[in-house]
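Report on one structure; see the data block that follows.
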Amino acid sequence: MMTFLPESDRQYLANKDYTYEEITEGSRKGLIFSKFPLPNQKYDVSEVDLLILLPNGYPDIVPDMFYLEPAVKLVQGNRPPRATEARQQFNGRSWQRWSRHEREWRRGVDGIWTMLKRVEHALEVAA
């Protein structure tokens, strides 16, 4: 299988038992995590597929934003979380874009584990 992930990322994901696919679409590279669990009773579904698009130059350059499918709503208020209105097409699917921008990235230190922690945090604090 062709892989674009650095060895350290692949090892981390294997050790944590993540189910994921590496997808290339044109010049875009994405990781799709199947059945990614959401915080308990916060959203209208308990798991989603999570897409992280990796920028050219990754792992030296920070990934920006993340995407969920299906689109989720907060149970409280029955509405989408803030800054999730836009959609992104990738791999024949329409993804809910979570507009969350991180500038801090430590070259040679951070990796997919950093991005997954940021996703988990964003999902916990979303309002």
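Only the coordinates and a few stated rules stand behind these numbers; no lab work does. Keep in mind it's a predicted model, so treat the numbers as computed, not measured. Note that each Cβ is placed from the backbone with ideal geometry, even for glycine, and that neighbours are counted across all protein chains shown.
Yes/no matrix, rows are residues, columns are (1) assigned to a strand (DSSP E or B); (2) in contact (Cβ under 8 Å) with a residue 40 or more places away in the chain; (3) not hydroxyl-bearing (Ser, Thr, Tyr):
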{"position": "23", "(1), (2), (3)": "yes, yes, yes"}
{"position": "30", "(1), (2), (3)": "yes, yes, yes"}
{"position": "60", "(1), (2), (3)": "no, yes, yes"}
{"position": "71", "(1), (2), (3)": "no, no, yes"}
{"position": "89", "(1), (2), (3)": "yes, no, yes"}
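Any residue in segment 37-52 that is outside any loop (DSSP other than H, G, I, E, B), farther than 18 Å from residue 19 by Cβ and either small (Gly, Ala, Ser) or in contact with a Lys or Arg (Cβ under 9 Å, 6 or more places away or on another chain) (or both)?
Yes; the residues of segment 37-52 include at least one that is outside any loop (DSSP other than H, G, I, E, B), farther than 18 Å from residue 19 by Cβ and either small (Gly, Ala, Ser) or in contact with a Lys or Arg (Cβ under 9 Å, 6 or more places away or on another chain) (or both).
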> From 73, 117, which residue is over 16 Å from the mean Cα position of the chain (by Cα) and either surrounded by fewer than 18 Cβ atoms within 10 Å (Cβ to Cβ) or within 26 Å of residue 3 (Cβ to Cβ) (or both)?
Replying inline: 73
> How many of the residues making up segment 91-112 are under 14 Å from residue 70 (Cβ atoms) and either of a type outside the set (Ser, Thr, Tyr) or in contact with a helix residue (DSSP H, G or I) (Cβ under 7 Å, 6 or more places away or on another chain) (or both)?
Replying inline: 5
>> For segment 29-47, give me each residue that is of a type in the set (Val, Ile, Thr) and either crowded, with 20+ Cβ neighbours inside 10 Å or in contact with a Cys (Cβ under 7 Å, 6 or more places away or on another chain) (or both).
In response: 32
> In segment 101-114, what count of residues is obtained for those that are surrounded by 16 or more Cβ atoms within 10 Å (Cβ to Cβ) and outside any helix (DSSP H, G or I)?
Replying inline: 3
